[in-house]
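Heads up: the structure comes next, in structure tokens.
The values are calculated or read from the model by the stated rules, or taken from the named source; none is laboratory data. Quick caveat: nothing in here was measured; it's all calculated off a predicted structure. Glycine gets a Cβ as well: all are built from the backbone with ideal geometry, and neighbour counts include every protein chain shown.
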Amino acid sequence: MTNTPKAEILISKGGFWFPEAISTQAHQVDQIFHFILWASIILFLILTVVVGYFLYKYKRTPENTYAKKHVTHNNVLEITWTVIPLVLVLFIFYWGYSGYLKMTIPPANASEIRVTGRKWMWQFDYPNGNKSIGELVVPVHTPIRLVMSSEDVLHSFFVPNFRVKRDLVPNRYTRIWFEAKRTGNFQIFCAEFCGDGHSDMMGVVRVVTASEYQKWLKESGAAASEGVPLDQLGEKLYTSKGCNACHSTDGSAKVGPSWKGIYGATHTLASGQTVKVDDNYIRESMVDPKAKVTAGFQPVMPPFAGLLNDREIAGLIEYIKKLK
Amino acid sequence: MSESAPVKDNYLNSPKGIWSWIYTLDHKRIGIMYLAAISVAFILGGIFALLLRLEHLNPGPLLFTAKQYNQLFTLHGAIMVFLFIVPSIPASLGNFILPMQLGAKDVAFPRLNLTSYYIYLIGAIFCIYSMIAGAADTGWTFYTPYSSTTDTSVISMTLGAFILGFSSILTGINFLVTIHKMRAPGMSWFKMPLFIWALYATAIIQVLATPVLAITLLLLVLERTMNIGIFNPALGGDPVLFEHFFWFYSHPAVYIMILPAMGVISELITAFCKRDIFGYKLVAYSSIAIAIIAFLVWGHHLFVSGQSDAANSIFSLLTFLVGIPSGIKVFNWIATMYKGTIDFKTPFLYALSFLALFCIGGFTGIMLGALSFDVFAHDTYFVVAHFHYVMMGGVVMAFLGGLHYWWPKMFGKMYSEFWGRIACALIFIGFNMVFFTQFILGSKGMPRRYFNYLDQYQPLHAFSTYGSWVLGLGLLLVLIYLIDSLVDGKPAPANPWGALTLEWQTDSPPITENFTHTPEVHHGPYAFDKVKPS
Amino acid sequence: MASQQHHHHVAPVKYYVATFATLLALTILTVAVAQFDFGAMNIVIAMGVAVCKASLVLMFFMGLLWDKKINAVFFLTGLLFLGLFIGFCVLDIGYRGDTDPVESLQYGVKVPVRHAEAEH
Amino acid sequence: MTTKVTQFVKHQVAHHFDNAEHEFDAAKLGMWAFLIQEILFFGGLFVAYFIFRAMYPAMFVEAHHHLSWQLGGLNTIFLITSSFTMAMAVRSAQVSQKNKLILFLVLTFLFAGGFMCVKYVEYMTKIHHGYLPAKWFFGTGTFDTEPLFFGLYFTMTGLHGLHVLIGMGLIAWLIIRSNRGEFHKDYYTPVEMVGLYWHLVDLIWIFLFPLLYLIG
């Protein structure tokens, strides 16, 4: 898991059924659910009582060996239990439909953030060109409109606390919107099956105050990393760019090879050749990972060309050098 | 075999030898062969289910890697749907009982019936080959573009399902023509048992929906081999179109599964209350209504897949309409118990648990039909629990009920009533332990098809796993005592339950020709008032 | 067994020859019409002619006209459900982006097609 | 026609049917159920066709110029004539004219063969010029989605061609059995059923031809 801040617990906060409702439109889901739930429980109890009574009253006993009266038709009864459920479900349909429209049609003033789903990670592009992986930072009390697309297979952006979910389809945009009612970190799941890492494709929505949001935008933007020494920049990028999702720094192999003690070592590639791990090899493996895949690993690393500028690549290389 | 009476020759032993079974044209033998095949599939699917639940005891990898887990739930889904539950009631119980309840000697096309059985076996071989050669890991829904790009053996699994589709179509055609043309003299449409009405509605869906599954899977195979691009977004295709194609079959398919179950329940409740069904015409027409509305609602699987909101709203409206006929049936069954003489034999216990579990499945279906809730609950464990309540709670309960009800007729042996009740109780309790907790898991936001999950869900998952052991034990018990009844069960009388439908008028197990003389029908199938029982 | 054999309606040959001739004429018609461009009407005309030809084949060659009505009912239900399938698919794909235009467009189709002008 | 020389094999009605009429009606109803299954099978392809034609109309018009409507038209005439000869074959079976039955069946078989040859020629020109589904597409085109049309074209016409081949196999089997004199006015069910199947194959081509070749 990317060690972005830990999301709030879903299971205990909130009512018996739902996680805590954070977005303004979450009540649409909770109210209709509870209405149907209680209507069903009442109807279920009625049926249980009726069946229980019949089973008790008309069970087969030596004197009750054949049915005395064969009531096979009762129009009034038949009409009631056709029309009443019909009216009830049409009412539920309308309630669900109008709630749905409020949940999915974003208000005009929503600020837009682009979401790209890729095999087993979320990438967010902010209006000022800022990028973050696995962590969506949004201001509180402002409607946010996410315009989403996938780069490989179907994914689905699902935030239980906001009650939002929509599939990401390659070569097409789909959108959702939400407005957080309070700050906090909230869990993101991928809900559409997308392969081995489907259950690892998690993220966090970090809802912060508006001022903090502006500070974060400036502070973590490309320009802000001038003054930071290279290896510290590399260490910060290791988490913010999501490298830690696949590469560990403690020597244990994950989806990708570990970075510990990698610098200067010779690696045998899947193609059998051996190559010395130096600046050029690391740079090339970031920009075009599938060129020289280390033996024993799947070529699943997405190309970071365009996602990392030269200074950031140099920073990461310095950080890797430091990891003896 | 208790040798009290000299064993009369019946369909089981009259033509002797293995070849007489392999080349049999007798619908009863084909029904038994189907029963054996789908039981093996059910056991296999059940083992995969137990492994899945075991894996979920705690979050981290316990027995499998992520890929193996994905392959496992794909196999569980595909085997249960294509190999067990679609053919379960129509092909095994239906093949055996339908001609007898119609008073016919056999189905309309016996050779076609045997061909559809062997097509089923060939399809099963394809699925087993896929299992061995790196099973598909796409989920039983095979959504593109993942299914067209993954390196697992998706082609052999899709070809397996493609072939199984034809077995289902041929059974459907056979039943359609048999019901139209082979009824006993005097049996008008409204003197047919309700099990036949349900199989008629099922046959309509089988013939009209399964070919679209065939073309979908064929296109998927062509997508993987020739890259024709219809479902490949990079070439201009549309993966959501695949979802339309797939669910155009798969939603009517869930009605292929539930309708015969409803037919069995109509038989069980009337037989064990010894009372005419309440509102015969309504129950019959609601089967046909379900069969037709089934084709209008598939879009509720695509609510969050990027479908247009116009389609979302219309599909949501129609989804609610499909709930009404099911409601009518449940109310009519309960009304049938009024003033009956209720006998608590095992089949009736399964019918009662069907009523309870199918109602819960139906109510949660109404919830999932509402657009706003489905946006939250789609692809979570709430949906997993819903469809297991309807499929396992509905179809499997009715299948077990029907199996026990017709067991004396099929094998001439009585099963042990004592063990039957214990097994039914175990299954009911175990089932609710497994799947009611999954409702709560789902509403807490736990997505489905997750290999490892957040630690906070661990207690619920563990409880669900314990429940799966109880359920597994219950089903194992059923297997044991049914097989035991074959060996030393008491010989069964011709009509152990005193029911009036035609299959009970001949002796059990019946002779190959079913009836010594073609029966005449003068009254309805459940006219207990006209026939004063002894 | 031969007693009630008269029921199978054996149509006179002229029915088949007339149907055959009309089918050929309609084929030539549809090809001729296709030479001119009627814009959106193209598909409507083509489908209209095809439906005429199809119904001719159905009624005369397949004998639905003189046959038991149940066979015609079977055929029409097949067509009805095909119509449902087309209708609901068009309902989705035709109305995509109805509440938010960003959802309607498809972008970035990357296919190695050698474009005509680049080629010659 | 000297019918008395050609003796006919008497048909034995299956045990579970009351009489030949009952058996014939059941067979025909079953055949019609099979035909609607075929209609929905091809219907799925027609749905895909209509949707992609609606999504990329200009590409469809430009791509269909690579198909020669002359060969398509010729194929249509072949299939319509074979449908006619098949109907005549069924009629001659109904009136126990064995020689005419065999003649018409052979004619149907030949026209079907002609259809397949024309289709072979068409496919070869496409493969030669590279107008194939995306995996092997090396044709030229102004649209990126060009291979989509040919993916659809090859799937629809290929599947239809397969059904024509199956039909030819069935007709050959019919010819052999008519030679043995099995079909006469009291038993001609197989001829009628293969006839229905053949007319359906022709029906599907009647829709395929304008949709693929005459987009105009």
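Determine which member of the set B:Phe42, B:Phe109 is at pLDDT 95 or above and either under 28 Å from B:Pro491 (Cβ atoms) or within 14 Å of chain D (Cβ to nearest Cβ) (or both).
Numbers: B:Phe109 fails: at pLDDT 95 or above.
On inspection, the qualifying residue turns out to be B:Phe42.
For (1) more than 13 Å from the chain's Cα centre (by Cα); (2) of a type in the set (Lys, Arg); (3) over 30 Å from C:Pro12 (Cβ atoms), each residue gets a yes or a no:
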{"site": "C:Leu26", "(1), (2), (3)": "yes, no, no"}
{"site": "C:Ala34", "(1), (2), (3)": "yes, no, yes"}
{"site": "C:Asp37", "(1), (2), (3)": "yes, no, yes"}
{"site": "C:Ala40", "(1), (2), (3)": "yes, no, yes"}
{"site": "C:Gly48", "(1), (2), (3)": "no, no, no"}
{"site": "C:Lys53", "(1), (2), (3)": "no, yes, no"}
{"site": "C:Met62", "(1), (2), (3)": "yes, no, no"}
{"site": "C:Asp67", "(1), (2), (3)": "yes, no, no"}
{"site": "C:Leu76", "(1), (2), (3)": "yes, no, no"}
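Could you tell me which of the residues B:Phe382, B:Phe387, B:Phe435 is in a helix (DSSP H, G or I), closer than 29 Å to B:Val304 by Cβ and within 14 Å of chain A (Cβ to nearest Cβ)?
Values: B:Phe387 fails: within 14 Å of chain A (Cβ to nearest Cβ); B:Phe435 fails: within 14 Å of chain A (Cβ to nearest Cβ).
B:Phe382 is the lone residue from the list that is in a helix (DSSP H, G or I), closer than 29 Å to B:Val304 by Cβ and within 14 Å of chain A (Cβ to nearest Cβ).
Taking the criterion of being within 14 Å of chain A (Cβ to nearest Cβ) and either at pLDDT below 90 or in contact with a Pro (Cβ under 8 Å, 6 or more places away or on another chain) (or both), would at least one residue in segment B:503-523 satisfy it? Please lay out each step first, then the result.
If we filter segment B:503-523 for residues that are within 14 Å of chain A (Cβ to nearest Cβ), which is where we start, we get B:523.
Checking which are either at pLDDT below 90 or in contact with a Pro (Cβ under 8 Å, 6 or more places away or on another chain) (or both) leaves us with B:523.
The answer is yes; a qualifying residue exists.
Out of segment B:275-294, which residues are among the hydrophobic types (A, V, I, L, M, F, W, C), buried (at least 23 other Cβ atoms within 10 Å of the Cβ) and facing another protein chain (nearest Cβ under 8 Å)?
B:Ile277, B:Phe278
Quick one: in segment A:167-207, which of the residues that are away from chain B (no Cβ under 11 Å) and of a type in the set (Lys, Arg) is surrounded by the most Cβ atoms within 10 Å (Cβ to Cβ)?
Filtering segment A:167-207 for residues away from chain B (no Cβ under 11 Å) gives A:177-185, A:203-207.
Retained after the next criterion (residues that are of a type in the set (Lys, Arg)): A:181-182, A:206.
Values: A:Lys181: 17, A:Arg182: 9, A:Arg206: 20.
So the residue we want is A:Arg206.
Hey, among the residues in segment A:254-279 that are assigned to a loop (DSSP other than H, G, I, E, B) and touching a helix residue (DSSP H, G or I) at 6+ places or on another chain (Cβ under 6 Å), which one's surrounded by the fewest Cβ atoms within 10 Å (Cβ to Cβ)?
Taking segment A:254-279 and keeping what is assigned to a loop (DSSP other than H, G, I, E, B), we get A:254-265, A:270-273, A:277-278.
This time we only want the ones that are touching a helix residue (DSSP H, G or I) at 6+ places or on another chain (Cβ under 6 Å), so: A:259, A:263.
Numbers: A:Trp259: 23, A:Tyr263: 20.
The residue in question is A:Tyr263.
Among the residues of segment B:123-134, which ones are in contact (Cβ under 8 Å) with a residue 40 or more places away in the chain and surrounded by 24 or more Cβ atoms within 10 Å (Cβ to Cβ)?
Selection gives B:Cys127 alone.
To keep it simple, each residue is scored yes or no on (1) under 21 Å from B:Tyr350 (Cβ atoms); (2) over 21 Å from the mean Cα position of the chain (by Cα).
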residue	(1), (2)
B:Leu454	no, yes
B:Phe463	no, yes
B:Leu471	yes, no
B:Val478	yes, no
B:Leu486	yes, yes
B:Ala492	yes, yes
B:Pro496	yes, yes
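Go through the residues of segment B:199-209 one by one and say whether even a single one is more than 17 Å from the chain's Cα centre (by Cα) and either more than 19 Å from B:Ile292 (Cβ to Cβ) or of a type in the set (A, V, I, L, M, F, W, C) (or both). First the steps, then the outcome.
Within segment B:199-209, the subset more than 17 Å from the chain's Cα centre (by Cα) is B:208.
With the extra rule that they be either more than 19 Å from B:Ile292 (Cβ to Cβ) or of a type in the set (A, V, I, L, M, F, W, C) (or both), the set shrinks to B:208.
For segment B:199-209, residues more than 17 Å from the chain's Cα centre (by Cα) and either more than 19 Å from B:Ile292 (Cβ to Cβ) or of a type in the set (A, V, I, L, M, F, W, C) (or both): present.
Let me confirm something: among B:Phe344, B:Phe303, B:Phe295, B:Phe363, which residue is part of a loop (DSSP other than H, G, I, E, B), aromatic (Phe, Trp, Tyr) and under 29 Å from B:Trp140 (Cβ atoms)? Lay out the reasoning, then the answer.
Numbers: B:Phe344 fails: under 29 Å from B:Trp140 (Cβ atoms); B:Phe295 fails: part of a loop (DSSP other than H, G, I, E, B); B:Phe363 fails: part of a loop (DSSP other than H, G, I, E, B).
None of the others qualify; the one that does is B:Phe303.
Within segment A:119-137, work out how many residues are part of a strand (DSSP E or B) and more than 15 Å from the chain's Cα centre (by Cα).
2
Please go through segment B:23-76 and give me each residue that is in contact with a Ser or Thr (Cβ under 7 Å, 6 or more places away or on another chain), assigned to a loop (DSSP other than H, G, I, E, B) and surrounded by fewer than 20 Cβ atoms within 10 Å (Cβ to Cβ), ordered by number.
The answer is B:Leu57, and nothing else.
Let's see how each residue does on (1) touching a Pro at 6+ places or on another chain (Cβ under 8 Å); (2) touching a residue at least 12 places away in the same chain (Cβ under 8 Å); (3) surrounded by 13 or more Cβ atoms within 10 Å (Cβ to Cβ); (4) acidic (Asp, Glu):
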position	(1), (2), (3), (4)
A:Ile32	no, yes, yes, no
A:Ile42	no, no, no, no
A:Tyr56	no, no, no, no
A:Glu63	no, no, no, yes
A:Trp81	no, no, yes, no
A:Leu86	no, no, yes, no
A:Val89	no, no, yes, no
A:Trp95	no, yes, yes, no
A:Leu101	no, no, yes, no
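Restricting segment C:60-99 to residues that are closer than 21 Å to D:Ile204 by Cα and among the polar types (S, T, N, Q), which is farthest from the other protein chains (Cβ to nearest Cβ)?
Here the residue is C:Thr77.
Looking at the structure I just gave you, is D:Ile51 in contact with a Cys (Cβ under 7 Å, 6 or more places away or on another chain), surrounded by fewer than 23 Cβ atoms within 10 Å (Cβ to Cβ) and without any contact (Cβ under 8 Å) to a residue 12 or more places away in the chain? Lay out the reasoning, then the answer.
Details: in contact with a Cys (Cβ under 7 Å, 6 or more places away or on another chain): yes; surrounded by fewer than 23 Cβ atoms within 10 Å (Cβ to Cβ): yes; without any contact (Cβ under 8 Å) to a residue 12 or more places away in the chain: yes.
For D:Ile51, the condition - in contact with a Cys (Cβ under 7 Å, 6 or more places away or on another chain), surrounded by fewer than 23 Cβ atoms within 10 Å (Cβ to Cβ) and without any contact (Cβ under 8 Å) to a residue 12 or more places away in the chain - is met.
Name the single residue, out of those in segment A:139-163 being in contact with a helix residue (DSSP H, G or I) (Cβ under 8 Å, 6 or more places away or on another chain) and surrounded by fewer than 24 Cβ atoms within 10 Å (Cβ to Cβ), that is farthest from A:Thr116 (Cα to Cα).
At the first step, the residues of segment A:139-163 found to be in contact with a helix residue (DSSP H, G or I) (Cβ under 8 Å, 6 or more places away or on another chain) are A:139-142, A:147, A:152-154, A:160-163.
Still in the running and surrounded by fewer than 24 Cβ atoms within 10 Å (Cβ to Cβ): A:139-142, A:147, A:152.
Details: A:Pro139: 20, A:Val140: 22, A:His141: 24, A:Thr142: 21, A:Val147: 9, A:Asp152: 10 Å.
Among them, the one singled out is A:His141.
Could you go through segment A:19-26 and let me know if any residue there is of a type outside the set (Lys, Arg), surrounded by 15 or more Cβ atoms within 10 Å (Cβ to Cβ) and assigned to a helix (DSSP H, G or I). It would help to see each step written out before you state the result.
If we filter segment A:19-26 for residues that are of a type outside the set (Lys, Arg), which is where we start, we get A:19-26.
With surrounded by 15 or more Cβ atoms within 10 Å (Cβ to Cβ) added as a condition, the list becomes A:19-26.
The next check asks that each one be assigned to a helix (DSSP H, G or I); those that pass are A:26.
There is at least one residue in segment A:19-26 that is of a type outside the set (Lys, Arg), surrounded by 15 or more Cβ atoms within 10 Å (Cβ to Cβ) and assigned to a helix (DSSP H, G or I).
Among (1) buried (at least 23 other Cβ atoms within 10 Å of the Cβ); (2) farther than 30 Å from D:Lys10 by Cα; (3) not hydrophobic (A, V, I, L, M, F, W, C), there is one condition D:Tyr188 misses while meeting the rest; what is its number?
Of (1) buried (at least 23 other Cβ atoms within 10 Å of the Cβ); (2) farther than 30 Å from D:Lys10 by Cα; (3) not hydrophobic (A, V, I, L, M, F, W, C), only one is false for D:Tyr188: (2).
Got a number for residues in segment B:48-91 being of a type in the set (A, V, I, L, M) and closer than 17 Å to B:Ser130 by Cα? I'd like the intermediate steps shown before the answer.
If we filter segment B:48-91 for residues that are of a type in the set (A, V, I, L, M), which is where we start, we get B:49-52, B:54, B:57, B:62-63, B:66, B:72, B:75, B:78-81, B:83, B:85-86, B:89, B:91.
If we keep only those that are closer than 17 Å to B:Ser130 by Cα as well, we get B:72, B:75, B:78-81, B:83.
Matching residues across segment B:48-91 total 7.
When you scan segment D:140-161, do you find a residue that is within 14 Å of chain B (Cβ to nearest Cβ), in a loop (DSSP other than H, G, I, E, B) and without any contact (Cβ under 8 Å) to a residue 60 or more places away in the chain, even just one?
Yes, the conditions are met somewhere in segment D:140-161.
Is it the case, given these coordinates, that B:Ser468 is in a loop (DSSP other than H, G, I, E, B) and surrounded by 21 or more Cβ atoms within 10 Å (Cβ to Cβ)? Spell out the reasoning first.
Numbers: in a loop (DSSP other than H, G, I, E, B): no; surrounded by 21 or more Cβ atoms within 10 Å (Cβ to Cβ): yes.
Taking the combined requirement at face value, the residue does not satisfy it.
A quick yes/no check of all residues on (1) surrounded by fewer than 21 Cβ atoms within 10 Å (Cβ to Cβ); (2) in contact with an Asp or Glu (Cβ under 7 Å, 6 or more places away or on another chain):
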| site | (1), (2) |
| --- | --- |
| D:Met55 | yes, no |
| D:Ala58 | yes, no |
| D:Thr85 | no, no |
| D:Val90 | no, yes |
| D:Ile102 | yes, no |
| D:Leu107 | yes, no |
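Among the residues of segment A:202-218, count how many are within 30 Å of B:Asn452 (Cα to Cα) and not charged (D, E, K, R).
Start the filter on segment A:202-218 by keeping residues that are within 30 Å of B:Asn452 (Cα to Cα), which leaves A:202-208.
Still in the running and not charged (D, E, K, R): A:202-205, A:207-208.
Matching residues across segment A:202-218 total 6.
Can you tell which of A:Val71, A:Val76 is farther than 13 Å from B:Phe320 by Cα and assigned to a loop (DSSP other than H, G, I, E, B)?
Values: A:Val76 fails: assigned to a loop (DSSP other than H, G, I, E, B).
Being farther than 13 Å from B:Phe320 by Cα and assigned to a loop (DSSP other than H, G, I, E, B) holds for just one of A:Val71, A:Val76, which is A:Val71.
Of these, B:Phe320, B:Phe331, B:Phe315, which one is part of a helix (DSSP H, G or I), more than 14 Å from chain C (Cβ to nearest Cβ), closer than 20 Å to A:Val87 by Cα and free of Cβ contacts under 8 Å to residues at least 24 places away in the same chain?
Numbers: B:Phe320 fails: free of Cβ contacts under 8 Å to residues at least 24 places away in the same chain; B:Phe315 fails: more than 14 Å from chain C (Cβ to nearest Cβ).
Sole residue among the options that is part of a helix (DSSP H, G or I), more than 14 Å from chain C (Cβ to nearest Cβ), closer than 20 Å to A:Val87 by Cα and free of Cβ contacts under 8 Å to residues at least 24 places away in the same chain: B:Phe331.
So D:Gly73 ticks every box in (1) within 11 Å of another protein chain (Cβ to nearest Cβ); (2) surrounded by 17 or more Cβ atoms within 10 Å (Cβ to Cβ); (3) not in a helix (DSSP H, G or I) but one. Which box is left unticked?
(3)
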